Amino acid sequence: MVDLTTFVQVLGAASTVSVILGVPFILLQMRQNARLVATSNRQVEVMIAQTRSQVFLNIAERLSTREYVLQRKIVRDIVAKYTAVRWEGFLDSSDAFEIRAFAATYEASATMAKIGLIDEPTLQQALGYWLVSDWNAILPAVHQFESSWGVPAYPNFRWLAEGTERYMREHPPPHNAAAAPPTAAN
């Protein structure tokens, strides 16, 4: 018969051997789990990039339609019209709502950039001075809204336009090398 002490020693040795043999398995499992987490993270990053691209493309599509380009002209005409009459009757007119609708598109895009749904530099680069020009064009109307409402009007549009203007100053477009005048080296 085996005495109890020998049995406990055998069990202790077996448990030590089990732990020693189990460590490589645990390490392999941890490496596999790390690879799965890394792969999942890459997939999430790709999905986020695709979503951002889709949002950006939707904005670009909206801002380049014929109707929107014509709306840009209408908005400028409205600002000129009411500037000439010192903004008399503007706030309650359908023209004011035309400008609000116009500004709301940029406000929504700017809000998405501000909260990180759209990459701000990409939006700034894509819309560039078009965005700044549109902000400057409606700024007199925005001042009218602000004085009437008592709060800043279209703050995210303003933020994006001012940021874009700074961005464009700091990152001027490259000069076209083909249009450069010939030099002695050419």
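For residue 129, all conditions in the list (1) more than 19 Å from residue 74 (Cα to Cα); (2) modelled with pLDDT under 95 hold save one; what is the number of the exception?
Condition (1) is where residue 129 drops out.
Matching residues to (1) within 15 Å of the chain's Cα centre (by Cα); (2) surrounded by fewer than 14 Cβ atoms within 10 Å (Cβ to Cβ); (3) of a type in the set (Phe, Trp, Tyr); (4) in a helix (DSSP H, G or I):
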{"site": "103", "(1), (2), (3), (4)": "no, no, no, yes"}
{"site": "112", "(1), (2), (3), (4)": "yes, no, no, yes"}
{"site": "121", "(1), (2), (3), (4)": "yes, yes, no, yes"}
{"site": "124", "(1), (2), (3), (4)": "yes, no, no, yes"}
{"site": "158", "(1), (2), (3), (4)": "no, no, no, yes"}
{"site": "163", "(1), (2), (3), (4)": "yes, no, no, yes"}
{"site": "174", "(1), (2), (3), (4)": "no, yes, no, no"}
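Has segment 72-86 got any residue that is under 29 Å from residue 126 (Cβ atoms) and of a type in the set (Gly, Ala, Ser)?
Looking for residues that are under 29 Å from residue 126 (Cβ atoms) and of a type in the set (Gly, Ala, Ser), one finds at least one in segment 72-86, hence yes.
All but one of (1) over 28 Å from residue 171 (Cβ atoms); (2) of a type outside the set (Phe, Trp, Tyr); (3) not in a helix (DSSP H, G or I) hold for residue 81; which doesn't?
With respect to (1) over 28 Å from residue 171 (Cβ atoms); (2) of a type outside the set (Phe, Trp, Tyr); (3) not in a helix (DSSP H, G or I), residue 81 is out only on (3).
Within segment 21-70, track down each residue that is farther than 30 Å from residue 127 by Cα, of a type in the set (D, E, K, R) and within 30 Å of the chain's Cα centre (by Cα).
Within segment 21-70, just 35 meets the criteria.
Is at least one residue of segment 36-48 surrounded by 10 or more Cβ atoms within 10 Å (Cβ to Cβ), assigned to a helix (DSSP H, G or I), modelled with pLDDT under 90 and out of contact with any strand residue (DSSP E or B) (no Cβ under 8 Å at 6 or more places or on another chain)?
Yes, because at least one residue in segment 36-48 is surrounded by 10 or more Cβ atoms within 10 Å (Cβ to Cβ), assigned to a helix (DSSP H, G or I), modelled with pLDDT under 90 and out of contact with any strand residue (DSSP E or B) (no Cβ under 8 Å at 6 or more places or on another chain).
When segment 90-101 is examined, which residues are found to be closer than 29 Å to residue 52 by Cβ and surrounded by 15 or more Cβ atoms within 10 Å (Cβ to Cβ)?
The answer is 99, 100.
Checking residue 87 against (1) assigned to a helix (DSSP H, G or I); (2) surrounded by 12 or more Cβ atoms within 10 Å (Cβ to Cβ); (3) in the same structural domain as residue 137 (by TED's automatic domain parsing), only one condition comes out false. Which one?
(1)
The values are calculated or read from the model by the stated rules, or taken from the named source; none is laboratory data. Just so you know, these numbers come straight off a predicted model, no measurement behind them. Note that each Cβ is placed from the backbone with ideal geometry, even for glycine, and that neighbours are counted across all protein chains shown.
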